[in-house]
Ligand code: 13P
């Protein structure tokens with residue numbers, strides 16, 4: 001079985017002013033002795049360059065939360081993957097449910113953004129996850145499989161792609177699926193990726209996201225085919241983020 005290296009990634013969403021650099025610096029110094037887990041923080045676009053410069057040679061990589069599919073052009077207000085690579089990002093989160101909902105992003109859009117990340121030499125962290133209504137209707141698995149089929153481009157490899165399962169109803173709510181439910185979805189995602197990408201799918205990391213906290217991280221990360229977490233609220237504070245990384 002392929003050994004997949006654990007990744008704990010923090011998504012700061014629309015949080016953090018420049019003064020938050022102090023919190024990021026605390027993460028960098030606190031992470032110095034963490035060896036068995038990759039760490040990443042995705043702050044707002046405005047902080048990427050500053051954080052990436054600070055992180056050089058350190059144990060916390062810097063990512064971004066979105067990008068445009070094109071490299072440049074007349075797209076007011078947008079930021080390209082090339083710009084993010086230039087600023088020092090190493091990965092881009094694409095297809096987060098908040099973008100799918102707030103900005104009407106479809107699987108097609110998400111797929112194009114993942115390809116844009118690769119074009120710029122960055123890793124794509126592709127997010128999927130069902131709504132509460134879909135789970136209640138017994139459709140969680142089929143929704144996730146459909147989103148993976150539609151959002152993950154051909155050409156995905158273990159190195160250029162990470163998948164994050166984030167049930168929409170668990171994001172920011174303090175509620176999480178049962179361990180059995182997380183296992184069911186992650187096993188199915190893994191099988192789907194192996195069926196489509198073979199050995200590359202075998203090595204592709206699968207993160208769980210949605211109300212991951214220091215108190216539940218160890219139990220969630222112990223699930224087979226859970227290779228780490230995508231953390232929102234609890235990634236804003238160095239103490240919590242590092243506790244999750246050590247879980
Ligand atoms: P919370 O950890 O705040 O629930 O957010 C999860 C998330 O959306 C990470 O992308």
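Every number in this text was worked out from the coordinates using simple rules, so none of it is lab data. Note that the structure is predicted; figures quoted are calculated from it, not measured. Positions of Cβ are backbone-derived with ideal geometry, glycine not excepted, and every protein chain shown enters the neighbour counts.
Listed values, structure above:
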{"quantity": "For the range 169-240: span of alpha carbons on each principal axis (Å, largest first)", "calculated": "38, 23, 20"}
{"quantity": "Tensor-based shape of the chain (alpha-carbon gyration tensor, a/c under 1.5 rounded, otherwise prolate or oblate)", "calculated": "rounded"}
{"quantity": "96, 75, 186 arranged by Cβ crowding within 10 Å, fewest neighbours leading", "calculated": "75, 186, 96"}
{"quantity": "Ranked 213, 111, criterion: other C-beta atoms within 10 Å, fewest first", "calculated": "213, 111"}
{"quantity": "Fewest-first ranking of 37, 67, using other Cβ atoms within 10 Å as the exposure measure", "calculated": "37, 67"}
{"quantity": "Normalised per residue, the volume of the convex hull around the Cα set of the range 112-161 (Å³)", "calculated": "71"}
{"quantity": "Spherically averaged projected area of the range 132-186 from its Cα convex hull (nm²)", "calculated": "4.5"}
{"quantity": "Distance between the range 227-245 and the range 101-132 - C-alpha centres, whole angstrom", "calculated": "22"}
{"quantity": "Kirkwood-Stokes translational diffusion coefficient of the range 1-130, alpha-carbon pairs, 20 °C, 1.002 mPa s, µm²/s", "calculated": "141"}
{"quantity": "Mean Cβ count within 10 Å, highest first, over the residues of peptides 159-168, 237-246, 128-137, 175-184", "calculated": "159-168, 237-246, 128-137, 175-184"}
{"quantity": "Spherically averaged projected area in nm², based on the convex hull that wraps the Cα atoms of the range 42-107", "calculated": "4.8"}
{"quantity": "Length released on extending from residue 76 to residue 5, taking residue separation times 0.36 nm less the Cα-Cα span", "calculated": "21.8 nm"}
{"quantity": "Highest-MSF residue in the chain out of 147, 192, 65 [GNM, Cα springs under 10 Å]", "calculated": "192"}
